[in-house]
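Asks: Pasting a structure here, questions to come.
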Amino acid sequence: MNRNQTVIFFTLSIINIVSGIIENEWLGYITKPLLMITLGFFYFKHTQTTFNTRDKIVLLALLFSCLGDTFLMFQKQNQLFFLLGLGSFLLAQVCYVILFQQEGESRHFRWLPFISYSCLLLFFLLNKLPSDFKIPIIIYSVVITLMGIRASERKVSDKSYQLVLIGAIIFILSDSLIALSKFVVNIPLSGLWIMATYVVAQYMIIQGLLVSRKA
């Protein structure tokens, strides 16, 4: 993405984060769904002349992420929205797994850090989770761990590899913060840290995919 597009995306992100800090719900309702829509629009602008199946999967990942963002806005009203958001992000992660797998090959020695982290996180979470949440959280943990593994296995240019891998790791961190703050411990300014890591992660993944797309 070019400089202007980057500025627009992060300005919108900052507005959304500030809306959470000042507890302005309506500003949050307006800006949060726009984040992934904006990122998807900019991705499409860069790929529209040679748009292909791979690009459709990228936009599908952003669409599911947008749905996840939207559902999670209402989780305080009904816990069903948390599960719907989790399901939406699960589908987004599946899209990323498919994308990254197309560009890589299995390198088993890179699996250990991701699997170890996932097991450690689940160790802290499982005893705190309500029974209805345990299976969905375990499934999501498996898929996002696989997303990180596949990101580490991509055989692309160094810049694309680094951007996507760092983005994937930050995405895992962001989701970890959601789970920990919801079920385990009260994290000060958790909304700020969750959204900040989330928007950076998504931006880096999309930017990295654009770099490999142009290569």
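The values are calculated or read from the model by the stated rules, or taken from the named source; none is laboratory data. Just so it is clear, the model here is predicted, and its values are computed rather than measured. In this analysis, Cβ positions are derived from the backbone assuming ideal geometry, glycine residues included, and neighbour counts consider all displayed protein chains. We work out accessible area using only protein heavy atoms, side chains counted, and drop any ligands, DNA or RNA first. Shrake-Rupley method; radii C 1.70, N 1.55, O 1.52, S 1.80 Å.
Asks: What are the pairs, 6+ residues apart or on separate chains, where a residue within the range 23-50 that is farther than 16 Å from N2 by Cα has its Cβ under 7 Å from a residue that is in a helix (DSSP H, G or I) and small (G, A, S)?
Replies: Between residues of the range 23-50 that are farther than 16 Å from N2 by Cα and residues that are in a helix (DSSP H, G or I) and small (G, A, S), the close pairs are L27/S19; G28/S19; G28/G20; T31/S19; L35/S13; M36/S65.
For every residue, the table says whether it meets (1) over 18 Å from L122 (Cβ atoms); (2) within 10 Å of the chain's Cα centre (by Cα).
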residue	(1), (2)
L163	yes, no
I169	no, yes
L180	no, no
L192	yes, no
Q202	yes, yes
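Asks: Further, regarding this structure: Could you check, for the range 62-72, whether at least one of its residues is of a type in the set (G, A, S) and either touching a residue at least 60 places away in the same chain (Cβ under 8 Å) or more than 20 Å from V211 (Cβ to Cβ) (or both)?
Replies: Yes, that holds for at least one residue.
Asks: Right, here's the next one. Being touching a residue at least 40 places away in the same chain (Cβ under 8 Å) and within 13 Å of the chain's Cα centre (by Cα) is the filter here; which residues of the range 130-145 pass it?
Replies: Passing the criteria: Y140, V143, I144.
Asks: Can you find a residue in the range 104-127 that is within 22 Å of G68 (Cα to Cα), modelled with pLDDT of 90 or more and either among the acidic types (D, E) or under 14 Å from the mean Cα position of the chain (by Cα) (or both)?
Replies: no
Asks: Here are the criteria: (1) open to solvent by 80 Å² or more (accessible area, probe 1.4 Å); (2) closer than 14 Å to Y198 by Cβ; (3) among the acidic types (D, E). Tell me which single one E25 does not satisfy.
Replies: Of the numbered conditions (1) open to solvent by 80 Å² or more (accessible area, probe 1.4 Å); (2) closer than 14 Å to Y198 by Cβ; (3) among the acidic types (D, E), the odd one out for E25 is (2).
Asks: Sort through I138, I98 and tell me the only one that's open to solvent by 30 Å² or more (accessible area, probe 1.4 Å) and closer than 21 Å to L209 by Cα.
Replies: That would be I98, the only listed residue that is open to solvent by 30 Å² or more (accessible area, probe 1.4 Å) and closer than 21 Å to L209 by Cα.
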